[in-house]
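**Student:** Got a structure for you, questions after.
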Amino acid sequence: MPRKNQECTRMGGGASTSKKRKASLQSNSNREDSPPPRDDLSRILRKSLLPRGYPMPSKITGGMRLVNTFELCFGNLDGYSEEHTSIKLLALSLCQSIVSLAAFKGQDRRFTCTGTIIQHTASSMSILTSASLIRSSEDESKILDKLEIKVRLPNGKLVVGKLWKYDFYYNIAVVNTKAFPEFHAACFHNEVPANVKFSQSKLVAIGRVFESGELMATGGTLLYKTCKFDCQQLMASTCKTTKAGIGGPIIDADGKFIGMSFYYKDGAPFLPITILQKCLKHFNEFGRVLQPWHGLRIGSLQAEKLRVREEVHDILPHAHGIYVQKVVSGSPSADSGIKAGDVITKLDDFALSNAQEFHELILDKAESAFRHGEGMHLTVSFLRPSSGSEFCATISAEVIDMSEQNMSSQNKSKQNSVRWPVPKTKWLYPDDERDADMMPLVRKCRRPGYVYEAPLMTDVSRYTRV
């Protein structure tokens, strides 16, 4: 009998403990800082993330965070300094021309970026932006199926946009929408060419977030170097932007439009205004950009690595021009006899100092050849460092159609696999972030002692250790 009583006592004590525990959990769930039940949290995340085109997390854990979102703004300009004040004033001078755009498929958002009003008439406005807005993630040579574009104006209003023209090679697009008298087009005239003498110019990159409509700006410097992207016409800067700034303007210290920016973690690359203007001219006159195919991958000799500069300098100490990085086998340039490592000094008797001049000239040549129905012949003078000799050759280039409708497999190969990588939005977990010794920066806690923090717009409910 005593054994039974003792057993009953233990059981009774257990039941009591269980009740206390349940009451404690109930009490904790009513606290403002306690996390919602897991099912509710998943439902909240699904409602918040999926319409924005963001992925659901594979697990719910403390310290997890969503990175590479379109809501992430540029750096903080709250400091009162001469530099920050100058950046703000330059951004404000153009703010009534800066919009944000988003591409939708049904109710789901697929991409957002910044745009610049480049033309304003009584009935419509034309907006220059990145073709990444409309590009299909499944096939980068096609536009999104059943595409809908919405434009966030500087005053916060949301209007419908309609795609007018686009070019995937240069990654540019023009979207039209109805006009509003309070906005104006950015000035594209009398811009300063982006060349070597401006290699240390101060720049400002401007963007606008789609959901909030917030204007963003950050400063940087123009770099005279080769961009990491495959598009040879791009120039580099140190402006630290985010994905939301893709397609936004880059201006100089005088407020002049220098180019359209893209995103890269080390600094925003941009397509210079001289190339943009020629592309827009082709849109207006030919309905597409006339893309010349020559089979050369080039870069400015001054921007090449020191190893390359030394190889050239040892034989040709006074050489200047553009360096041939690669010649595609079977291309018009390969047939002309040009080889990788050569230095092109002239194009049709025009002395070349940097790669941008070459790209601008061949766009003009493509336009002239198309107008007159002639072949496109490029006469180039080049040096060969391996022998120290100078040569002259004629490249019988082609004008190809890079539009989606005429994007044959042959033209796709001629495109040289031009890619515009955009980092995907993803979840990072504590174990994903490691130090120099490859150890997790955030250790897992054996005993959960966390306090729930209210989530931000794009952040999951996070837990901080008590």
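The values are calculated or read from the model by the stated rules, or taken from the named source; none is laboratory data. Everything numeric in this text was worked out from a predicted model, so none of it was measured. Note that we place each Cβ from the backbone using ideal geometry, even for glycine, and neighbour counts take in every protein chain shown. For the accessible areas, the whole protein counts, side chains as well, though only heavy atoms, and no ligand, DNA or RNA atoms are used. Shrake-Rupley method; radii C 1.70, N 1.55, O 1.52, S 1.80 Å.
**Student:** What FRET efficiency comes out for CYS187 versus TYR80 if R0 is 30 angstrom and r is the Cβ-Cβ distance? Round to the nearest 0.05.
**Tutor:** 0.55
**Student:** Provide the gained length on full extension for the span VAL308 to CYS95, in nm with one decimal, where the gain is 0.36 nm per separating residue minus the Cα-Cα distance.
**Tutor:** 72.4 nm
**Student:** What is the dipole size for region 89-171, taken about its Cα centre, with +1 at each Lys and Arg Cβ and -1 at each Asp and Glu Cβ, in debye to the nearest 20?
**Tutor:** Charge dipole of region 89-171: 280 debye, to the nearest 20.
**Student:** How high is the relative contact order of region 223-376, in percent, with contacts defined as C-alpha pairs under 8 Å that are six or more residues apart?
**Tutor:** The normalised contact order for region 223-376 reaches 19 percent.
**Student:** Whole number in Å², please: accessible area per residue of region 60-148, 1.4 Å probe, ligands, DNA and RNA not counted.
**Tutor:** Accessible surface, normalised per residue, equals 46 Å².
**Student:** So which chymotrypsin sites (Phe, Trp or Tyr not before Pro) in region 47-104 pass both tests, a DSSP loop state and at most 10 other Cβ atoms within 10 Å of the Cβ?
**Tutor:** Here the sparse-neighbourhood loop sites are TYR80.
**Student:** What nm value, rounded to one decimal, do you get for the distance between GLU211 and VAL160 when each label is placed 7 Å out toward the C-beta?
**Tutor:** Taking the two extended label points, one gets 2.5 nm.
**Student:** Also: Quick check: pseudo-label points 7 Å beyond the Cα along Cα→Cβ at ALA319 and LYS265, how many nm apart are they?
**Tutor:** 3.4 nm
**Student:** Let me ask another. Using 0.36 nm times the number of residues separating SER137 and THR221, minus their current alpha carbon distance, what extension gain do you get?
**Tutor:** 27.1 nm
**Student:** Still on this structure: What is the gain in length, in nm to one decimal, between LYS281 and ARG419 on full extension, counting 0.36 nm per residue of separation less the C-alpha to C-alpha distance?
**Tutor:** 47.3 nm
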